[in-house]
Amino acid sequence: MSFDHVALLPAYLAAATAVAAFLADLIAPGRGSAVAGVTAVGALATGVVAILVGRGPVRRTFCSADCSYVADHRAALVAALFAALTLAVVALSVPVPRLGEYYFLLGCAMTGGVVLGYAGDLITLIVALETLTLPLYILVALKRGTVDAAVTFFIVSVVSTAVALLGAALLYAGTGAVHFGRLVAALETGHRLPLTTAGVVLLLAGLSFKVAAVPFHAWAPPAYDGAPLPVAAFLSTASKLGGVIAILYVALDALRPAYDIVAPTIAVLAVLSMTVGNLVALRQDRMVRLLAWSSVAQAGYILAPLAARVPGAAGAAATLGYTFLYLVLELGAFGAVIALRGDDDGGAIADYAGAVRRAPWAAGALALALVGLAGLPPGLAGLFAKVVVVRALLATGTGWLAVVVALNAVLGLAYYLRAAATLFAPTPAAARTRVPWPVAAALVGATVAAVVVGFAPQLVLAATQP
Amino acid sequence: MTWVLVAVLAVPAVGAVFRSRAVAAGAAAIAFLLSVALATGRSDGGLTGPIRPWHQLDVSWVPGLNLRFHLGVDGISYPLVVLTTLLTLLCCVYLLWTDGDGTLAALLLVIEVGIVGVFLALDLVLFFVFFEIVLLPMYAVIAGWGGAGRRPAARKFVLYTLFGSVLLLVGVFVVVSRAGTADLVVLSAQHMLPADTQLAAFILLSIAFAVKSPLWPLHTWLPDAHTEAPTVGSVILAGVLLKMGTYGLLRVAVGVLPDGARRVAPVLGVLAVTAILVGGLVCLAQTELKRLIAYSSVGHMGFVLLGIATLTATGFEAALIGNVAHGIITGLLFFLAGAIKDRTHTGDLSELGGLRETAPYLSGILGYAAIASLGLPGLAGFWGEAFAVIAALRRGGPLWTVLAVLAALGGALAAAYFLRLLYRVTHGAARPAVVGIGEPVPGELVAWAPLVVLALAVGLVPALVLGVAQTAVQVMAP
């Protein structure tokens, strides 16, 4: 078996980033910013190389009858996104001294994410997803007194991985295949056993844990709230992206012939996520918990286009497009929270009263991100994200779900607006907050990206077209 | 002339950046002059469909979402565009002369961009985008500068109207995904949608526009929003923001989905007449000045919706002139109500008695505006209501005849509650609240005078509005 090392280059680089971060900490212990710099350079290189490789012809490797590692355009996009998110999270982490292992663990998680994009079979997919998640248990537990959150996260995660593996095993038992292409062939021709149906549902349910979709969401709010803020940002962006990509690949590449089971399963997950997430978010009075529950609801919007009765490129493009716009806005929101609050604690929403006077730009960015997540101008990126989903659902004749999405947007506005309006509440003048430059850079990057894709959403839509 | 279409949106947008009252007033003035200039060089461009824009601009924006930056102006949108730029200018002038806030003026300009954009958009998706732009700035105006109960009122406003606009989003894409285009000119010329789709889309769109208009029973956000909003907020809200709903119903819902409209029209007619009667009856029992005017808006917009529901040229003309007249008169009424509340710090009718004794000019202008609003012939309010009733009568059949009679009764109710208002406020001995209050200051007079003149001018010469709109309305009626 020969390996195509060019195709593997992004994965090598991502792994090398983790190793380099580890070594840098050994060589220069206590120099957190140097380690962060090494990690940032590694993440940047990974992203750039992933794009360069993706511009070439489609490459495959680890092939027997079918290939386990497919370096196509879409994979390059996913790898570059993971690299960019890692870069941003590294920048958000710099101001506070970290344990040396911190950046190593981030690098490991990034490696999982990058490989996930290239996965061509269920085993690679689940292993990559685990590589993405494993370091996060430790990262969540880094803050004193948050072991409970980490343990919840760990247990729910392990159970869901077991469920996903059981689903994969049942599919293997029913079809004898784990590669996406061969699964499709087997599902198309063979008589479908009840076992296969169970396998499909279990696999999707197990994966939906990663996107924090209801009913597999309970870990998210305590984990987000307990983790250091940059880790929470990583959980709500990179980790969620991992789940979305896994579901997307499985639903469209591997289980396309079984879409009559996939669609209702995803529809149930989507409707539950957006409704429960929005309703519970209404009652939150801590900023990070509000963002956590809102990200549960956002998972519902992300999954919704995949619930169309017929699988299609349009649904996948809508899910990817929405995901990208969500990532930009969510990163902006967390970046602004870190800029306003420092590192440790997101605090109560009431603590943000009058933030526009203390840090006008950071508070403005937070307001823009919150309004964008609610899907309203001036957060045009969010408005178009909503349009993308509704349009995809109506184009595929899933109008009822479009109405559910639309009505949930109204619920969503209620709490996003409450949080955003607090920023402008009149308070006595206070000292200006200073924002460290790496945080400012990440925040500016996310906000500028949100504004640019707000005015030119075609950039995103063109990139997500198959 | 196509650059004017862009400039009329760009000038206020740029002016808003500076957050200064003087810049805002300047930008609003330029936007007003530009919008008036849109009427020059009219031609139908050889188009034969129901929408024949005088000027058009059509560039691609987001092909992946069927979104084109397609603007145009014709006889139906032109009066509303000018009304919007005029009222925004007057509000900015008012803020300039009184002790206004630069940020508030900037928000008014952003709202202007959204509303004018709605009237100019000839692309369904673009229409929706502009429809959404208005939402949060208006929320901020109410929540930031409103009265004591502003926060709940602002939240109610924004959630209610967002409910409408998400249904609009769904409705728009029901149409776009079936028809394959979002171009309003094409969509209204060729009705390519099957009847069932038309019905579903029309119901979605008409609920969306009914929330904005507002049509009974979806009107409950309006009185709270008006009562709490600052004066300029109320003026813009009543004067032009509500027109987005009626304009959308006429141009988008009826224009694109005529079959759906035919099937739902009787329901719309019944609801419109209910709105007229309910608005009138509630007004009779109101004790708060701004709330009373707000409820009178529900009644007046009922006449506009009745006109549209008849689906006849006369009805559309009634709707159009009713829109403009309501914008002028209710804008003026809210300016006056704001002036009175600023001076007396109360809106309670029983405490405002005897205004005529202490501020005869203010009281006189209020009387004039109230009489214009109740539909006295010779003033602007008359034509919309009369034509709507006539259109319903001409439509024939027992249902429409009954509706016409009830609507006429509703018109009489308007006379009753406005005369009651005048009786309570202007007559009698001066109450403590009105003692020692000042007459209008020059800044206020400058802001009000154009509306006073227009209320009379449109009343005497309705052709001011209907002249430019005649062709557009004639070709539109099915």
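The values are calculated or read from the model by the stated rules, or taken from the named source; none is laboratory data. The model shown is predicted, which means the values in this text are computed figures rather than measured ones. Note that we place each Cβ from the backbone using ideal geometry, even for glycine, and neighbour counts take in every protein chain shown.
Just wondering, is there one or more residues in segment B:11-27 that are surrounded by fewer than 24 Cβ atoms within 10 Å (Cβ to Cβ), under 20 Å from the mean Cα position of the chain (by Cα), at negative phi and in a helix (DSSP H, G or I)? Scanning segment B:11-27, I find no residue that is surrounded by fewer than 24 Cβ atoms within 10 Å (Cβ to Cβ), under 20 Å from the mean Cα position of the chain (by Cα), at negative phi and in a helix (DSSP H, G or I), so the answer is no. If we scan segment B:342-365, do we find a residue that is within 17 Å of the chain's Cα centre (by Cα) and crowded, with 21+ Cβ neighbours inside 10 Å? No, segment B:342-365 contains no residue that is within 17 Å of the chain's Cα centre (by Cα) and crowded, with 21+ Cβ neighbours inside 10 Å.
Evaluation of B:W145 against the conditions (1) more than 9 Å from chain A (Cβ to nearest Cβ); (2) within 30 Å of B:V186 (Cα to Cα) shows that the sole unmet condition is (2). Restricted to segment A:71-91, and to residues that are in contact with a Phe, Trp or Tyr (Cβ under 6 Å, 6 or more places away or on another chain) and in contact (Cβ under 8 Å) with a residue 60 or more places away in the chain, which residue is surrounded by the fewest Cβ atoms within 10 Å (Cβ to Cβ)? Only one residue fits best here, namely A:A71. Can you find a residue in segment A:385-404 that is among the aliphatic types (A, V, I, L, M), within 30 Å of A:A353 (Cβ to Cβ), part of a helix (DSSP H, G or I) and within 10 Å of chain B (Cβ to nearest Cβ)? The answer is no, given that none of the residues of segment A:385-404 is among the aliphatic types (A, V, I, L, M), within 30 Å of A:A353 (Cβ to Cβ), part of a helix (DSSP H, G or I) and within 10 Å of chain B (Cβ to nearest Cβ). On the stretch given as segment A:347-363, residues that are of a type in the set (G, A, S), in a helix (DSSP H, G or I) and surrounded by 16 or more Cβ atoms within 10 Å (Cβ to Cβ) total 3. Among the numbered conditions (1) touching a residue at least 24 places away in the same chain (Cβ under 8 Å); (2) within 11 Å of chain A (Cβ to nearest Cβ); (3) buried (at least 24 other Cβ atoms within 10 Å of the Cβ), the only one that B:I115 does not meet is (2). The set of residues from segment B:156-165 being closer than 17 Å to A:G375 by Cβ and more than 7 Å from every other protein chain (Cβ to nearest Cβ) comprises B:Y160, B:T161, B:G164, B:S165. Kindly indicate which of A:A363, A:A421 is out of contact with any strand residue (DSSP E or B) (no Cβ under 6 Å at 6 or more places or on another chain) and touching a residue at least 60 places away in the same chain (Cβ under 8 Å). Of the residues listed, the single one that is out of contact with any strand residue (DSSP E or B) (no Cβ under 6 Å at 6 or more places or on another chain) and touching a residue at least 60 places away in the same chain (Cβ under 8 Å) is A:A363. Taking A:Y103 as meeting all but one of (1) over 21 Å from A:I247 (Cβ atoms); (2) buried (at least 24 other Cβ atoms within 10 Å of the Cβ); (3) in contact with a Pro (Cβ under 8 Å, 6 or more places away or on another chain), write down the number of the exception. The one condition A:Y103 does not meet is (3). Does at least one position in segment A:444-453 carry a residue that is surrounded by 21 or more Cβ atoms within 10 Å (Cβ to Cβ), within 14 Å of chain B (Cβ to nearest Cβ) and in a helix (DSSP H, G or I)? Yes, segment A:444-453 contains at least one residue that is surrounded by 21 or more Cβ atoms within 10 Å (Cβ to Cβ), within 14 Å of chain B (Cβ to nearest Cβ) and in a helix (DSSP H, G or I). Return yes or no: is B:L90 over 24 Å from B:L168 (Cβ atoms), touching a residue at least 24 places away in the same chain (Cβ under 8 Å) and assigned to a helix (DSSP H, G or I)? Considered against the rule, which asks whether it is over 24 Å from B:L168 (Cβ atoms), touching a residue at least 24 places away in the same chain (Cβ under 8 Å) and assigned to a helix (DSSP H, G or I), B:L90 comes out as yes. When segment A:407-443 is filtered for residues that are assigned to a helix (DSSP H, G or I), more than 14 Å from chain B (Cβ to nearest Cβ) and either aromatic (F, W, Y) or touching a Lys or Arg at 6+ places or on another chain (Cβ under 7 Å) (or both), only A:W437 remains.
Per-residue answers, yes or no, for (1) more than 22 Å from the chain's Cα centre (by Cα); (2) under 22 Å from B:E317 (Cβ atoms); (3) at pLDDT below 90:
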{"site": "B:A392", "(1), (2), (3)": "no, yes, no"}
{"site": "B:L399", "(1), (2), (3)": "yes, yes, no"}
{"site": "B:V402", "(1), (2), (3)": "yes, no, no"}
{"site": "B:L409", "(1), (2), (3)": "yes, no, no"}
{"site": "B:A415", "(1), (2), (3)": "no, no, yes"}
{"site": "B:F418", "(1), (2), (3)": "no, no, yes"}
{"site": "B:V425", "(1), (2), (3)": "yes, no, yes"}
{"site": "B:A429", "(1), (2), (3)": "yes, no, yes"}
{"site": "B:A433", "(1), (2), (3)": "yes, no, yes"}
